[in-house]
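A short worksheet on the structure shown next.
The values are calculated or read from the model by the stated rules, or taken from the named source; none is laboratory data. The structure displayed is predicted, hence computed values, not measured ones. Positions of Cβ are backbone-derived with ideal geometry, glycine not excepted, and every protein chain shown enters the neighbour counts. Accessible surface is based on the protein model in full, side chains and every heavy atom, while ligands, DNA and RNA are left aside. Shrake-Rupley method; radii C 1.70, N 1.55, O 1.52, S 1.80 Å.
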Amino acid sequence: MRTAYSVDTVRTAERALMARLPEGALMQRAAAGLAAACAELLGRVYGRRVVLLVGSGDNGGDALHAGARLARRGAGVTAVLLAPPARTHAGGLAALTRAGGRAVGADRGAEAVARADLVVDGVVGIGGRGGVRADAEPLVDAVERARAAVVAVDLPSGVEADSGEVRGRAVRADLTVTFGTHKPALLVDPAREYAGSVRLVDIGLRSELPAEPALEALQHADVAALLPRPGAASDKYRRGVVGIAAGSARYPGAAVLAVSGALRGGAGAVRYVGPAGDAVLARFPETLVSDRGPREAGRVQAWVVGPGAGDEAASVGEVLAQDVPVLIDADGLRLADRAAVRARTAPTLLTPHAGEAAALLGVAREEVEAARLASARELAQRYGATVLLKGSTTLVADPGGGPVRVNATGTAWLATAGSGDVLSGLAGSLLASGLTARDAGSVAAYLHGLAGRFAADGAPAGAHDVADAIPSAWRDVVDD
């Protein structure tokens, strides 16, 4: 599992570690890892032109010490200083000079960047807020115009470490070399888009970090450990029954797609309630179809309500009144009474995309997109429910706080009609099999994203293709 910690937590851990190490040892560890990553990206170091963009903090010191290591291997290294030498990291600047590197002022930075093979962004560290300062913007422009590879030190300058927000100009990196632990911005959009590939360098910080991170991202082994597996004594009812209250005369396909996801999610049976029963049975004859409404449909271990429901508020109310886990999606989010959701004692999982989350929060969609982490946490708190905020990085936040789960297994091809219905059915099935709302949402997002990759394979794919690829994703996770 990958984890990310807040700035305050990282700084506390760094202080504790530095107290036990010789002066400067921690920076040397970081610089060694940074230099190795730069050398690997360059391929050949000797004779290559490296430009360091150096701010006044320790971030700039890391860049200078790494630059000194590259200079000793024959690279031509130029440090562009955004602060006077007296305010630049003294030890790093001295090391670079001794190694044969040179320093120039910011006024000559654009010229140096234009000739570079590699640019190292050491302008702002993890404490930066609100984009880069105005005096650094010409350098950001120069980096965007240049053909050089760009490596960010710990975090791209201009992104906010804790929130993942980008409130002004920021550096776009090809590679970010981060130290000790991931920072939230490296896992959450929109900042994640600026980081490029991310390499974590071990500097010995792990022993100083607390057990609970700010964010966590499941990997194959974590998902495999959570997946339900039938035993010798299992039958379809012991494996769980998921109810699907979805679809309408106008949107029967949403019901079919939600059922398709549910059938592949590990539950033993799927009950369908709604006006699209004929369409569901035509595609999936194993579905248990009822026309008596959710209250009379029979025993289930979890419900999914809302995909393609139109204005069927009665079904939403009936589902919310049942004392089993409930997943609310699509039209159900609009129809569900917030007080009724908050009053529930069984787990509730909301699965909005950014537009739906914005409507629930009473803000513009752009505000949610710009502050995805804060939005997911706020929505979970308001509704007293677990929230799965869909997007290029899907977030799962619990109402009681704790680490937010981040998932990035998806592909842009998943932005297709009906994909979310498949995800809802899959997550609902996992709820019925006994997973918590947090685990069901996280595992479903992981498998759904992986299935999207398999289905698309570099070309467009429909939601039904994604559903068909879920078993392949499941096997890939289990067999890894």
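Quick look at the values:
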read-out	value
Top-ranked residue in the range 2-39 [being among the charged types (D, E, K, R) and in a helix (DSSP H, G or I); ranked as farthest from residue 96 (Cα to Cα)]	8
Matching residues, the range 1-20, being open to solvent by 20 Å² or more (accessible area, probe 1.4 Å), touching a residue at least 12 places away in the same chain (Cβ under 8 Å) and over 23 Å from residue 217 (Cα atoms)	16
Residues located in the range 353-368, provided they are touching a Gly at 6+ places or on another chain (Cβ under 9 Å) and either small (Gly, Ala, Ser) or in contact (Cβ under 8 Å) with a residue 24 or more places away in the chain (or both)	353, 354
Failed item, numbered, when residue 459 is tested on (1) outside any loop (DSSP other than H, G, I, E, B); (2) open to solvent by 10 Å² or more (accessible area, probe 1.4 Å)	(1)
Residues (open to solvent by 40 Å² or more (accessible area, probe 1.4 Å) and under 16 Å from the mean Cα position of the chain (by Cα)) located in the range 377-390	377
Pairs with Cβ under 8 Å, 6+ apart, first in the range 267-287 and aromatic (Phe, Trp, Tyr) and open to solvent by less than 40 Å² (accessible area, probe 1.4 Å), second modelled with pLDDT of 95 or more and assigned to a loop (DSSP other than H, G, I, E, B)	272/246; 272/287
Meets criteria (out of contact with any Pro (no Cβ under 9 Å at 6 or more places or on another chain), among the polar types (S, T, N, Q) and surrounded by fewer than 20 Cβ atoms within 10 Å (Cβ to Cβ)) for residue 88	no
Test: residue 109 is more than 31 Å from the chain's Cα centre (by Cα), open to solvent by 20 Å² or more (accessible area, probe 1.4 Å) and either of a type in the set (S, T, N, Q) or at pLDDT 95 or above (or both)	no
Where a residue in the range 88-101 is more than 18 Å from residue 124 (Cα to Cα) and its partner, wherever it lies, is open to solvent by 50 Å² or more (accessible area, probe 1.4 Å) and not in a helix (DSSP H, G or I), with Cβ under 9 Å and at least six apart	96/102; 96/103; 97/103
The range 91-106 - residue that is over 17 Å from residue 135 (Cα atoms) and open to solvent by less than 20 Å² (accessible area, probe 1.4 Å) and, of those, nearest to the chain's Cα centre (by Cα)	92
Test result for residue 449, surrounded by fewer than 24 Cβ atoms within 10 Å (Cβ to Cβ), under 21 Å from residue 242 (Cβ atoms) and small (Gly, Ala, Ser)	yes
Residue 384 over 21 Å from residue 446 (Cα atoms) and modelled with pLDDT under 95	no
Qualifying residue in the range 58-71 (condition: farther than 23 Å from residue 169 by Cα, of a type outside the set (Phe, Trp, Tyr), open to solvent by 40 Å² or more (accessible area, probe 1.4 Å) and at pLDDT 95 or above)	yes
Among (1) more than 17 Å from residue 154 (Cβ to Cβ); (2) in contact (Cβ under 8 Å) with a residue 12 or more places away in the chain; (3) not in a loop (DSSP other than H, G, I, E, B), the one test that residue 47 misses	(3)
Checking residue 48 against (1) buried (at least 17 other Cβ atoms within 10 Å of the Cβ); (2) touching a Phe, Trp or Tyr at 6+ places or on another chain (Cβ under 7 Å), the condition it does not meet	(2)
Checklist (1) surrounded by 23 or more Cβ atoms within 10 Å (Cβ to Cβ); (2) not in a loop (DSSP other than H, G, I, E, B) applied to residue 170, failing item	(2)
Filter result (assigned to a helix (DSSP H, G or I) and open to solvent by 20 Å² or more (accessible area, probe 1.4 Å)) within the range 421-445	421, 438, 439
Positions within the range 96-140 being farther than 25 Å from residue 178 by Cα and of a type in the set (Asp, Glu), in sequence order	107, 111
One residue from 393, 416 being at pLDDT below 95, of a type in the set (Ser, Thr, Tyr) and under 17 Å from the mean Cα position of the chain (by Cα)	393
Scope the range 398-415; condition in contact (Cβ under 8 Å) with a residue 24 or more places away in the chain and among the hydrophobic types (A, V, I, L, M, F, W, C); matching residues	404, 406, 408, 413, 414
Single residue of 266, 243 found to be of a type in the set (Gly, Ala, Ser), at pLDDT below 95 and within 30 Å of residue 398 (Cα to Cα)	266
Residue count, the range 371-405 (criterion: part of a strand (DSSP E or B) and under 18 Å from residue 329 (Cα atoms))	8
Subset of the range 205-262 [among the charged types (D, E, K, R), open to solvent by 40 Å² or more (accessible area, probe 1.4 Å) and under 21 Å from residue 438 (Cβ atoms)]	212, 229, 239
